[in-house]
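The values are calculated or read from the model by the stated rules, or taken from the named source; none is laboratory data. Not measured: the values here are computed from a predicted model. Positions of Cβ are backbone-derived with ideal geometry, glycine not excepted, and every protein chain shown enters the neighbour counts. Side chains included, ligands, DNA and RNA excluded: accessible areas come from the protein's heavy atoms. Shrake-Rupley method; radii C 1.70, N 1.55, O 1.52, S 1.80 Å.
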Amino acid sequence: MSSTLDTYRKNTKKSARIFERSKKLHINGVSHNIRFFEPYPFVTKSARGKHLIDVDGNKYTDYWMGHWSLILGHAAPKVAEKVKKQIQDCWMHGTVNENTIEFSEIIQKAVPVAEKIRYVSTGTEATMYATRIARAKTRKKIIAKIEGGWHGYTTDLLKSVNYPFDQSESAGLIDEDHIISIPYNNLEKSISILESVKNNLAGVIIEPLLGGAGCIPATKEYLSGIQEFVHNNNSLFILDEIVTGFRFRFGCLYKTMDLDPDIVTLGKIVGGGFPIGVIC
Ligand SMILES: Cc1ncc(COP(=O)(O)O)c(C=O)c1O
């Protein structure tokens, strides 16, 4: 192990120097916790296809692909071409534009539950709004999430993300009482927890495949059992497809499982690496 570290240090001297500058400016030297690793992260200079190149000229096979958003690889020529052309026309209009409409038509065709669509800049915002819509629509307050489920940094859903799921995930959260957790793929236990709060249950938010928690697929029986309970109790069934959407097929996973979610959230791949969140 130490020889691997020695080799890493030897080959990433420029990264080490640049990272010292970053440490003076950013918390732990990074702008997202997940980007730090010991002894220090290499500093990326460029990326093409499946490779990252660092400032020392080392080439890495990238299994992270921009937080999983770059399914076509880095700097995919077809995407780059379109983006270059668009940048020459304009970027932030702040007004209605036809690109949005065309994009929504594509999403709606592939994700038929998307009767109405709203765009935001991150997946975090998409799940935050989904939570709010559920509360506003049902006039109830409790949102149930999965133990280990990650839906971004929204202050609503930042609970029971990391094992053993019994500690607060962060300071500054004030409404943890209205977020409850249910165990993934354990229908009986989940239903008994939901049963105890059903009169105040605004919705349940679930990833059809737990992404951050280790790529664990939900069973069809689990998801349809939760959906049935939720619909029988006038609550909303929210599927977070920010990781799964447009990854396994051109559309969402829910369609392959005969589900009928009330809200679907998208992000990552639909933005091709550019900031996006979608509430369907
Ligand atoms: C399932 C899921 N939902 C929401 C998010 C938050 O998306 P963003 O990082 O764009 O805020 C993530 C991010 O990894 C995610 O995996």
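Here are the numbers for the structure shown:
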quantity	calculated
Of the chymotrypsin sites (Phe, Trp or Tyr not before Pro) in region 238-272, those whose Cβ has at most 11 other Cβ within 10 Å and which sit in DSSP loop	250
Under 12 Å, Cβ to Cβ, from residue 125 - net charge with Lys/Arg +1 and Asp/Glu -1	+1
Candidates 140, 116, 13, ranked by Gaussian network fluctuation over the chain, Cα under 10 Å, top entry	13
Qualifying GluC sites (Glu not before Pro) in region 73-135, DSSP loop, other Cβ atoms within 10 Å at most 13	115
Potential lengthening between residue 93 and residue 44 on full extension [0.36 nm per residue; Cα-Cα distance subtracted]	14.5 nm
Members of 10/45; 50/78; 23/59; 140/198 lying beyond 20 Å, as alpha-carbon distances in this model show	23/59
Solvent-accessible area of residue 230 with every protein chain in place, 1.4 Å probe, in Å² to the nearest 10	0 Å²
Residue among 19, 275, 162 farthest towards the positive dipole end of the chain, charges placed on Cβ	19
Residue-level accessible surface for residue 165, protein heavy atoms, 1.4 Å, Å²	60 Å²
Percent of Cα-Cα distances greater than 20 Å, calculated over region 2-68	28 percent
Charge-dipole axis of the chain as Lys and Arg at +1 and Asp and Glu at -1 on Cβ define it, positive-most pick from 51, 153, 234	51
Rh by Kirkwood over Cα pairs, then Stokes-Einstein D for region 1-138 at 1.306 mPa s and 10 °C, µm²/s	84 µm²/s
Taking region 96-279 and dividing mean pair separation by its residue count, relative contact order in percent (alpha carbons under 8 Å, at least six apart)	27 percent
Accessible area (Å², 1.4 Å probe, nearest 10) - residue 85	130 Å²
Anchor residue 220: lysines whose Cα lies under 21 Å away (excluding residues fewer than 8 positions away in-chain)	145, 189, 255
Alpha carbon Rg of the chain, scaled by the compact-globule rule 2.2 N^0.38 Å	1.11
Within-15-Å neighbourhood charge of residue 141 [Cβ basis; K, R +1; D, E -1]	+4
Unit charges on C-beta of K, R, D, E only; dipole of region 2-68, Debye	240 debye
Cα-centred dipole magnitude for the chain, charges only on beta-carbon of K, R (+1) and D, E (-1), debye, nearest 20	1180 debye
Protein-only accessible surface order, largest first, of 269, 216 at 1.4 Å	216, 269
Percent carbon-and-sulfur accessible area, the chain, ignoring ligands, DNA and RNA, probe 1.4 Å	54 percent
Size of charge dipole - region 107-258 - debye, nearest 20, with Cβ of Lys, Arg +1 and Asp, Glu -1, no other charges	620 debye
Angle in degrees between helix 2-11 and the longest Cα principal axis of the chain, rounded to the nearest 10	60 degrees
